[in-house]
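The values are calculated or read from the model by the stated rules, or taken from the named source; none is laboratory data. As the structure is a computational prediction, the values presented were derived from the model and not from experiment. We place every Cβ from the backbone using ideal geometry, glycine too, and count neighbours over all the protein chains shown.
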Amino acid sequence: MSTPTELRARAAELESRVPPLIAGPRTDDERMWLEKAAALRAEADQQEEREWERTGRIPCSDCGTLVRTETLETLPAHNCTAHQRARRHRATEK
Ligand SMILES: [Zn+2]
């Protein structure tokens, strides 16, 4: 079974194959890729919610840090900006 990260990576890969709308009407294939990508993202969200029900933790969608939270509406403070900066830093080092 794929992890949410893998599912989102696959969704991003599919979306990257589709040219921007200004390039002209989408083909059937392109529409199918976008639908598939949306389904993969929805599955990733569902997996994270199930994981949250089990563990009480969910990864922040902005910085990726696992945060313990009572509700999915708002996440408690977890130094999000600093984590995002660190994450961008790691991404540029690769
Ligand atoms: Zn965060």
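Here are a few things to note about the model shown:
- Residues that are closer than 20 Å to Ala9 by Cα and of a type outside the set (Val, Ile, Thr) were ranked within the range 54-67; the one that is modelled with the lowest pLDDT is Ser61.
- Condition check for Thr69: in contact with a Gly (Cβ under 8 Å, 6 or more places away or on another chain), without any contact (Cβ under 8 Å) to a residue 40 or more places away in the chain and hydroxyl-bearing (Ser, Thr, Tyr): yes
- So Asp62, is it in a helix (DSSP H, G or I) and within 30 Å of Pro20 (Cα to Cα): no
- Just one residue in the set Glu51, Glu70, Glu30, Glu43 is in the same structural domain as Thr5 (by TED's automatic domain parsing), over 20 Å from Glu13 (Cα atoms), charged (D, E, K, R) and more than 10 Å from the ligand (Cβ to nearest atom); that residue is Glu51.
- From Ala91, Ala38, residue being part of a helix (DSSP H, G or I), within 20 Å of Arg10 (Cβ to Cβ) and assigned by TED's automatic domain parsing to the domain that holds Leu14: Ala38
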